[in-house]
């Protein structure tokens with residue numbers, strides 16, 4: 001009677017596959033065979049496998065990629081390597097990738113048995129990480145990496161003066177967070193902080209929203225109204241996505257920075273203002289200047305002090321602290337308790353490049369907290385974060401008959417044109433095989 005464990009064996013050598021299958025069947029294990037990584041991945045996706053046994057040296061896609069794939073998509077499944085090309089480097093790499101044991105061909109049935117037993121018995125769930133390090137915080141800016149420390153040092157320099165500041169960085173890196181930290185950690189923190197998304201206000205309304213308007217300035221202007229610059233008097237106005245401002249708005253903004261005064265739309269009088277301007281964008285303003293869609297003189301007025309907020313891929317050392325923050329936030333919100341994350345899942349977070357930056361990390365943690373019980377594991381993270389195998393694009397779309405022909409030829413080649421053995425592997429009789437060959 002077969003035991004409950006399903007073992008997947010992967011090797012491009014048909015003879016080794018047959019040998020492994022015979023040995024494992026004699027030990028009462030149920031087996032699945034694959035002669036390529038591509039076939040192995042297909043089996044893993046459709047079948048519950050308890051142990052993966054794989055060769056390392058295989059054509060097109062090697063066993064190391066299969067191990068990485070299995071470690072991230074099926075983290076609880078143990079892995080055992082068998083190889084005919086032993087090397088210290090390969091052994092270390094395999095063990096580092098989560099392989100329990102490493103057998104060198106030729107091996108005995110007893111050695112295989114012990115390797116399988118060791119792999120099945122020693123694989124247990126690792127204890128979850130319980131990182132509680134607070135790290136270095138600057139208001140809500142969290143991290144200890146060199147990249148984020150450079151940002152914090154500049155904040156310390158500019159927080160107590162009203163020099164114009166330009167913040168650059170990709171979407172989702174926390175540019176508004178930096179702007180708020182500058183304002184609320186300086187001596188003007190009791191004054192207003194006004195954040196304006198220049199990309200979120202229709203172009204024809206942005207000018208009047210920023211500078212205000214007088215009664216009758218345009219259709220619908222039934223009363224005079226203060227603008228956001230006037231509302232920020234004494235404090236800070238943060239102009240996010242400044243690259244979306246029209247040339248007309250840019251021209252008026254330049255005057256504000258030069259003369260420290262604003263003029264309402266439809267008015268002829270100016271009024272003095274005392275306001276610190278912080279602008280930000282994820283656009284390349286120099287390219288816009290070359291295309292004459294952004295004023296060069298305004299660019300230099302805005303960039304008295306420049307702060308570049310690094311993308312998350314350049315400050316991966318900060319990911320555990322950021323994760324901790326979001327785990328606490330959403331654990332309390334959704335589960336009314338602290339949620340932990342296991343080491344494999346944390347390692348996956350730190351390896352991913354995060355094109356959506358901190359905003360993407362927060363969304364992933366938020367979803368994982370909802371989906372998990374008490375501890376976030378690899379299975380609670382989206383597939384996009386996990387290792388993917390890029391198979392060679394050499395498979396053209398062919399008919400089922402042509403695909404069958406190619407596979408029969410492949411098996412025959414692997415068996416040295418031994419039709420009896422090939423028929424056995426294909427699970428057909430020799431007469432049927434001869435009919436297909438003819």
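Bear in mind these aren't lab numbers, they're just calculated from the coordinates by the rules spelled out. Quick caveat: nothing in here was measured; it's all calculated off a predicted structure. Counting neighbours? That spans all protein chains shown, and the Cβs are built from the backbone with ideal geometry, glycine included.
What distance in nm separates the two pseudo spin-label positions at residue 76 and residue 431, each 7 Å out from Cα along the beta-carbon direction?
Placing both labels 7 Å along Cα→Cβ, they lie 4.8 nm apart.
Taking the Cα-to-Cβ direction at residue 379 and at residue 160 and moving 7 Å from each Cα, how far apart do the two end points lie in nm?
5.6 nm
What is the Å³ per residue value for the convex hull set by the Cα atoms of segment 146-312?
Cα convex hull per residue, to the nearest whole number: 108 Å³.
Going by how many other Cβ atoms sit within 10 Å of their own, how do 254, 8, 66 line up, fewest first? Working shown, then result.
On the way: 254 16, 8 23, 66 28.
With the fewest neighbours first, 254, 8, 66 line up as 254, 8, 66.
If each Cα of the chain is one equal point scatterer, what is log10 of I(q)/I(0) from the Debye formula at q = 0.11 Å⁻¹?
Evaluating at q = 0.11 Å⁻¹ gives log10 I(q)/I(0) of -0.92.
When the chain is modelled as a GNM with alpha-carbon springs shorter than 10 Å, which of 65, 114, 366 fluctuates the most?
Top of the fluctuation ranking is 114.
Determine, from the Cβ-Cβ distance of residue 176 and residue 391 and an R0 of 45 Å, the FRET efficiency 1/(1 + (r/R0)^6), rounded to the nearest 0.05.
Numbers: r = 42 Å, r/R0 = 0.93.
That gives a FRET efficiency of 0.60.
Efficiency by 1/(1 + (r/R0)^6): what FRET value for residue 347 and residue 254, r their Cβ-Cβ distance, R0 = 41 Å, to the nearest 0.05?
Values: r = 49 Å, r/R0 = 1.20.
Computed FRET efficiency for residue 347 and residue 254: 0.25.
Using 7 Å Cα-to-Cβ label points, what is the residue 305/residue 203 separation (nm, one decimal)?
Result: 3.3 nm between the two label points.
What's the extension gain from residue 296 to residue 215 if we count 0.36 nm per residue and subtract their Cα-Cα distance? List each step's numbers first, then the result.
Details: separation 81, 0.36 × 81 = 29.16 nm, distance 3.32 nm.
Difference between extended and current length: 25.8 nm.
Taking 25 Å as R0, compute the FRET efficiency from the Cβ-Cβ separation of residue 399 and residue 420 and round it to 0.05.
On the way: r = 28 Å, r/R0 = 1.11.
With R0 = 25 Å, the Cβ-Cβ based efficiency is 0.35.
Students often get this wrong: which residues of segment 140-154 have the backbone nitrogen under 19 Å from the point 7 angstrom along Cα-to-C-beta of residue 359?
Counting backbone N atoms under 19 Å from the label point, the list is 140-142.
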